[in-house]
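**Student:** Shown below is the structure under consideration.
Derivation of every value follows stated rules applied to the coordinates shown; laboratory data play no part. Just so it is clear, the model here is predicted, and its values are computed rather than measured. Neighbour counts run over all protein chains shown; Cβ positions are idealised from the backbone, glycine included.
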Amino acid sequence: MKDNKQNKATFDNIENLSLTIEVGFSDYSALVFDEVKKKFIHSESFSFTSFDDFTEKTSLIGTNFRDVKIYVFTPDFTLVPNALTENGSTEDFLRLTCGEKNHASTRYDALNIVNAIIAYFADEKLISFFSKHYNNAQFFHAATKFISENKYNDNSILNLHLYNNHFMVCYFKDKNLQFANGFEYNHFNDLIYLLLFTAKSLDLTPSETTVNISGHYNPNVEQHIVKYFKATTHSEKIADGLDIKSELLPRFSLLLNR
């Protein structure tokens, strides 16, 4: 597997630059941040079907960034309260929730903001691929950032993070995490049903609840959500100096928050 030298991006003062990546199934987004100027200077976002395809599309592989954070989404994750880890193995909780997984490594993120640990299975090939190209890569589950960034939303907001055929939901009440999970869907009707079911289980009235959308932008999904819920919102934060189309902003909502 060869690096894509032809389309490789070039940067000045590489020692000041940090790279943040989010990968969820076939969806990929990345931002380069200048730690001295405190601004984003480069972005890319695309879909890929294989790592060979990925290598052809990215312009960032082979650059020695100051630090690299990679947020990986896998549906095989669970939250374990810190108090429970004292009396049991975190891996046991993961296997009890998600079963046994072949060709996957067990990983853990500290989620101190809610006094818990996120345990998850990550694709060994994905971890190996990015570790090969970024020897200083740090890996996290996307839910770690998703949950952390939404803690201060009010009680009438249900947080939704989309991928092509999966999504995450989290909900806080009085700044305390009440719910966090991932789901698979094949059609937006499935997504709406699961959102309504989740709202009902949380005693939320859809007509009084706003859905805060991030992730892979899908206007059809958003149009159907507003038929059942009060409203939708998504990240309005714009990266200084970057020309990012407004319809792509939700893809960067996790990455824009530093």
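**Student:** Taking only Cα atoms and a 10 Å spring cutoff, compute GNM fluctuations for the chain and point out the largest among 52, 123, 67.
**Tutor:** 52
**Student:** Please sort by residue number the chymotrypsin sites (Phe, Trp or Tyr not before Pro) in the range 1-106 whose DSSP state is loop and whose Cβ has at most 10 other Cβ atoms within 10 Å.
**Tutor:** In loop regions of the range 1-106 (DSSP not H, G, I, E or B), there are no sparsely surrounded chymotrypsin sites (Phe, Trp or Tyr not before Pro).
**Student:** Give the longest segment of the chain that steers clear of GluC sites (Glu not before Pro) in DSSP loops with at most 10 neighbouring Cβ atoms within 10 Å, not counting the sites themselves.
**Tutor:** Answer from the scan: 101-235.
**Student:** Now, a different point. May I ask you to compute the full-extension gain from residue 201 to residue 257, defined as 0.36 nm times their residue separation minus their alpha-carbon distance, rounded to one decimal in nm?
**Tutor:** Extending this stretch completely gives an extra 17.2 nm.
**Student:** Right, something else. What is the magnitude of the charge dipole of the range 59-109 about its Cα centre, with +1 placed on the Cβ of each Lys and Arg, -1 on the Cβ of each Asp and Glu, and no other charges, expressed in debye to the nearest 20?
**Tutor:** In debye, rounded to 20, the range 59-109 gives about 260.
**Student:** I want to verify a result. In a Gaussian network model of the chain, Cα cutoff 10 Å, which of these has the top mean-square fluctuation: 118, 192, 14?
**Tutor:** Judging by the Gaussian network model, the answer is 14.
**Student:** By the scheme Lys and Arg +1, Asp and Glu -1, what is the net charge of all other residues having a beta-carbon under 14 Å from that of residue 147?
**Tutor:** +2
**Student:** May I pose another question? How large is the helix-only mean residue ellipticity at 222 nm for the chain, computed as the sum of -39500 (n - 2.57) over DSSP H runs with n ≥ 4, divided by its residue count, in deg cm²/dmol to the nearest 500?
**Tutor:** -7000 deg cm²/dmol
**Student:** What whole-number distance in Å separates the alpha-carbon centres of the range 121-145 and the range 21-89?
**Tutor:** A separation of 7 Å, based on Cα centres.
**Student:** Among 57, 245, 230, determine the one that fluctuates most according to a GNM of the chain built with springs between C-alpha atoms less than 10 Å apart.
**Tutor:** 245
**Student:** Could you compute the net charge surrounding residue 165? Neighbours are other residues with a C-beta less than 11 Å from the C-beta of residue 165; K and R count +1, D and E count -1.
**Tutor:** -3
**Student:** Quick one: in the range 74-140, what % of C-alpha pairs are over 20 Å apart?
**Tutor:** Tail of the P(r) past 20 Å holds 33 percent of the pairs.
**Student:** I would also like to ask the following. Can you spot the lysines whose alpha carbon is less than 29 Å from residue 230's alpha carbon? Ignore those fewer than 8 places along the same chain.
**Tutor:** Once the sequence-local lysines are set aside, what remains near residue 230 is 145, 151, 173, 175, 200, 245.
**Student:** May I ask you to derive the relative contact order of the chain, considering only C-alpha pairs under 8 Å and at least 6 residues apart, and to give it as an integer percent?
**Tutor:** 16
**Student:** What distance in nm separates the simple spin-label points at residue 227 and residue 15, each placed 7 Å from Cα in the Cβ direction?
**Tutor:** The two pseudo-label positions are separated by 5.8 nm.
**Student:** Could you calculate the contour length gain from residue 189 to residue 243, that is, 0.36 nm times the residue separation minus the distance between their Cα atoms, to one decimal place in nm?
**Tutor:** Stretched out fully, the residue 189 to residue 243 stretch lengthens by 16.1 nm.
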